[in-house]
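The values are calculated or read from the model by the stated rules, or taken from the named source; none is laboratory data. Because the structure is a prediction, the values reported are computed rather than measured. We place every Cβ from the backbone using ideal geometry, glycine too, and count neighbours over all the protein chains shown. Side chains included, ligands, DNA and RNA excluded: accessible areas come from the protein's heavy atoms. Shrake-Rupley method; radii C 1.70, N 1.55, O 1.52, S 1.80 Å.
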Amino acid sequence: MTAEFLQFGIGRWVHILAGILWVGLLYYFNFVQADALKAAQADGSAAGIAKHVAPRALFYFRWAAVVTWLAGAMMLGAKLDDAFLFKEKAYIPIGVGAWLGTIMFFNVFALIWPNQKKILGLVPATEGEKAKARRVAFLASRVNLMLSMPMIFFMSGSGGLFRTPFFH
Ligand code: HEM
């Protein structure tokens with residue numbers, strides 16, 4: 001197996017698989033769980049989601065973000081600063097996509113996860129702190145929802161700079 005195939009063949013495959021899981025769970029949180037939790041709180045059935053569903057979903061959400069970022073950075077390899085610093089015109093689209101993905105990554109670990117831990121009672125928090133945490137986690141998740149759309153546009157529109165023919 002050539003190094004090129006590992007970096008751009010397997011790397012792209014792992015990047016896209018983990019990206020599907022990360023963004024898939026992001027859409028689940030925004031389009032399904034947020035409203036389901038509100039409805040479940042209204043009829044007193046929220047405990048199951050908070051205890052059994054949300055922690056599992058957040059576990060795969062966090063680690064899919066880590067694998068997506070690392071596999072993306074691996075594909076960039078020596079071109080990482082060309083992309084992130086827009087050094088070459090050809091790398092601007094993937095650079096914009098990578099920055100959007102990196103801001104989303106920051107939101108997951110700096111805002112969403114620490115506040116979700118308070119909300120789910122995984123770390124001690126007063127009711128006031130939980131209410132503030134709900135607002136911050138909700139807004140950060142909505143921001144990531146919005147960022148995911150241009151991010152995937154730039155990922156898929158980056159022109160295959162980092163492609164390798166699978167079978168040659
Ligand atoms: C939620 C986050 C992300 C998702 C869902 C995602 C998804 C994708 C997808 C679907 C492709 C393949 C596009 C194609 O084959 O046409 C791709 C390519 C790529 N992604 Fe990402 N990506 C994400 C974040 C990142 C980040 C943070 C980086 C860099 C650190 C990155 C670097 C790359 C690179 C280098 C390519 C190859 C582009 C090319 O061949 O021209 N991605 N990404």
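Some notes on this structure:
- Amide H contacts for Ser158 (H built 1.01 Å from N in the peptide plane; partners 5 or more residues away or on another chain; cut-off under 5 Å): none found.
- Helices of the chain meeting both criteria, an alpha-carbon length of 30 angstrom or more along the long axis and an average Kyte-Doolittle score not below -0.5, with helices taken as full DSSP H segments, are 54-76, 127-156.
- Probe 1.4 Å, all protein chains present, accessible-area order of Tyr27, Tyr60, Tyr91, largest first: Tyr60, Tyr27, Tyr91
- Note on Arg135 and Trp99: their simple-model spin labels are 3.0 nm apart, each label 7 Å out from Cα toward Cβ.
- One decimal place: the segment Leu80-Met1 gains 26.1 nm when fully extended, by the rule 0.36 nm per residue minus the C-alpha distance.
- Distance from the Cα centroid of the range 92-158 to that of the range 42-74 is 12 Å (rounded to whole angstrom).
- Value of [θ]222 nm, deg cm²/dmol, for the chain, DSSP H segments ≥ 4, -39500 (n - 2.57) each, nearest 500: -21000 deg cm²/dmol
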